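Some notes on the structure that comes next.
The values are calculated or read from the model by the stated rules, or taken from the named source; none is laboratory data. The structure displayed is predicted, hence computed values, not measured ones. Note that each Cβ is placed from the backbone with ideal geometry, even for glycine, and that neighbours are counted across all protein chains shown. Just so you know, the surface numbers come from the protein's heavy atoms only, side chains and all, with ligands and any DNA or RNA stripped out. Shrake-Rupley method; radii C 1.70, N 1.55, O 1.52, S 1.80 Å.
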Amino acid sequence: QVQLVESGGGLVQAGGSLRLSCTVSGRTFTNYHMGWFRQAPGKEREFVAFVSWKGGNIYYADSLQGRFTISRANAANTVSLQMNSLKPEDTAVYYCAAGTIVVDTTRPDEYDYWGQGTQVTVSS
């Protein structure tokens, strides 16, 4: 079984930054492509960012406009999301996800395992 644990969420003012981390245990980390999603109250879970198992392919949601950066450290079994220039509309629970075969990186059902989520709140 694979366990994913997110950390790094919190309350930040608009324009600030946060760095989320997700630590994976239970199986070989490099077996998995990794994604970040978020879900705001009353909304569907939406794609944020993706990194392939070796880090060679990285994709972002168009709406982020270059403010977020995903990275992975395979030696440490972690994937991170650096979030800059945060806006109130970035407020959501952020989830990391792992998948062995991910064709459409934006679809939550392409991923096999999920973390419990970490709350990010951006005040105006």
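With the structure loaded, tell me whether VAL79 is under 16 Å from GLN119 (Cβ atoms), among the hydrophobic types (A, V, I, L, M, F, W, C) and either modelled with pLDDT of 95 or more or open to solvent by 30 Å² or more (accessible area, probe 1.4 Å) (or both) or whether it fails that test. Can you show your working first?
On the way: under 16 Å from GLN119 (Cβ atoms): no; among the hydrophobic types (A, V, I, L, M, F, W, C): yes; either modelled with pLDDT of 95 or more or open to solvent by 30 Å² or more (accessible area, probe 1.4 Å) (or both): yes.
When the stated conditions are applied, VAL79 does not pass them.
I need every pair where a residue in segment 1-21 that is modelled with pLDDT under 95 has its Cβ under 6 Å from the Cβ of a residue that is surrounded by fewer than 13 Cβ atoms within 10 Å (Cβ to Cβ), sequence separation at least 6 or different chains.
GLN1/GLY26; VAL2/GLY26
Hey, does segment 76-97 have a residue that's closer than 15 Å to PHE50 by Cβ, more than 12 Å from the chain's Cα centre (by Cα) and part of a strand (DSSP E or B)?
No, that holds for no residue.
Among the residues of segment 108-120, which ones are in a strand (DSSP E or B) and surrounded by 15 or more Cβ atoms within 10 Å (Cβ to Cβ)? Let's see the steps before the verdict.
Kept after step one, since they are in a strand (DSSP E or B), are these residues of segment 108-120: 113-114, 118-120.
Once the filter is applied, which keeps residues that are in a strand (DSSP E or B) and surrounded by 15 or more Cβ atoms within 10 Å (Cβ to Cβ), segment 108-120 yields TYR113, TRP114, THR118, VAL120.
Can you find even one residue in segment 53-69 that is among the aliphatic types (A, V, I, L, M), buried (at least 17 other Cβ atoms within 10 Å of the Cβ) and assigned to a strand (DSSP E or B)?
Among the residues of segment 53-69, not one is among the aliphatic types (A, V, I, L, M), buried (at least 17 other Cβ atoms within 10 Å of the Cβ) and assigned to a strand (DSSP E or B), which makes the answer no.
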